[in-house]
1. What's the number of the only condition in (1) part of a loop (DSSP other than H, G, I, E, B); (2) closer than 25 Å to residue 28 by Cβ; (3) over 14 Å from the mean Cα position of the chain (by Cα) that residue 142 fails to meet?
2. List the number of the failed condition for residue 5; all other conditions in (1) surrounded by 16 or more Cβ atoms within 10 Å (Cβ to Cβ); (2) assigned to a helix (DSSP H, G or I) hold.
3. Output yes when any residue across the range 118-133 is over 15 Å from the mean Cα position of the chain (by Cα), touching a residue at least 12 places away in the same chain (Cβ under 8 Å), within 18 Å of residue 20 (Cα to Cα) and in a helix (DSSP H, G or I), and no when none is.
4. Evaluate the range 81-94: report whether one residue or more is at positive phi and buried (at least 19 other Cβ atoms within 10 Å of the Cβ).
5. So which residues in the range 74-93 are in a helix (DSSP H, G or I) and within 18 Å of residue 41 (Cα to Cα)?
6. Sort out which residues of the range 33-57 are without any contact (Cβ under 8 Å) to a residue 40 or more places away in the chain and more than 17 Å from residue 90 (Cα to Cα), and write them in order of number.
7. Just one of (1) touching a residue at least 24 places away in the same chain (Cβ under 8 Å); (2) in contact with a strand residue (DSSP E or B) (Cβ under 8 Å, 6 or more places away or on another chain); (3) over 26 Å from residue 26 (Cα atoms) trips up residue 97, so point out which.
C-alpha cells in the first residue's frame with residue numbers, strides 16, 4: 001500500500017505523519033510505503049523543520065532523512081490514499097484531481113477536523129504529534 005501525506009510546505013505536519021505511520025507500519029510488518037509532499041514548493045529539498053525532527057525524536061522516530069517535495073499530478077496514480085492535513089490542502093488537491101478515481105483517493109487526515117499548522121507556534125508541535133499518532137493508530141487498524 002502506498003500512502004501520501006500532504007500539508008502546505010512539507011516541513012511540519014506531513015513529515016510527522018509520514019514518519020509516524022511508516023514507523024507503525026514497519027513495527028507491524030506491513031509492506032507500506034509512506035511519503036509526504038507539500039502543496040507549495042518553497043522548501044523542496046529541505047529536511048523537516050527542526051522542531052518536527054525534535055518532537056519525532058522524543059518519541060523514538062527519526063525523520064531527519066526526509067526531504068520536502070512538492071505535490072505533483074503523477075502522485076495521484078502513485079498512491080492508494082492521499083491524506084490532506086487541512087481543508088485548504090484538501091480543496092487544492094480536489095481541484096487538481098482530473099478524474100473521479102483520482103479524487104476518490106483524497107481525504108482529510110482527521111476525517112472531520114484539521115491538523116493545526118505548528119509552524120508559527122513552538123508549543124503546538126507536541127499536540128500535533130499526539131493528534132498524528134492517534135490518527136495513525138486508527139489508520140493502521142482501518143487499512144490493514
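1. (1)
2. Going through (1) surrounded by 16 or more Cβ atoms within 10 Å (Cβ to Cβ); (2) assigned to a helix (DSSP H, G or I) one by one, residue 5 breaks only (2).
3. Yes, the range 118-133 contains a residue that is over 15 Å from the mean Cα position of the chain (by Cα), touching a residue at least 12 places away in the same chain (Cβ under 8 Å), within 18 Å of residue 20 (Cα to Cα) and in a helix (DSSP H, G or I).
4. Start the filter on the range 81-94 by keeping residues that are at positive phi, which leaves none.
Looking for residues that are at positive phi and buried (at least 19 other Cβ atoms within 10 Å of the Cβ), one finds none in the range 81-94, hence no.
5. Taking the range 74-93 and keeping what is in a helix (DSSP H, G or I), we get 75-78, 87-93.
Selection gives 75, 76, 88, 89, 90, 91, 92, 93.
6. 33, 34, 42, 43, 44, 45, 46, 47, 48, 50, 53, 57
7. For residue 97, the failing item is (1).
Rundown of residues vs (1) surrounded by fewer than 19 Cβ atoms within 10 Å (Cβ to Cβ); (2) in contact with a strand residue (DSSP E or B) (Cβ under 8 Å, 6 or more places away or on another chain); (3) assigned to a loop (DSSP other than H, G, I, E, B); (4) at pLDDT 95 or above, yes/no style:
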| site | (1), (2), (3), (4) |
| --- | --- |
| 24 | no, no, no, yes |
| 30 | yes, no, yes, yes |
| 36 | no, yes, no, yes |
| 45 | yes, no, yes, yes |
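The values are calculated or read from the model by the stated rules, or taken from the named source; none is laboratory data. None of the values given here were measured: they were computed from a predicted structure. Please note: Cβ atoms are built from the backbone with ideal geometry, for glycine as well, and neighbour counts cover all protein chains shown.
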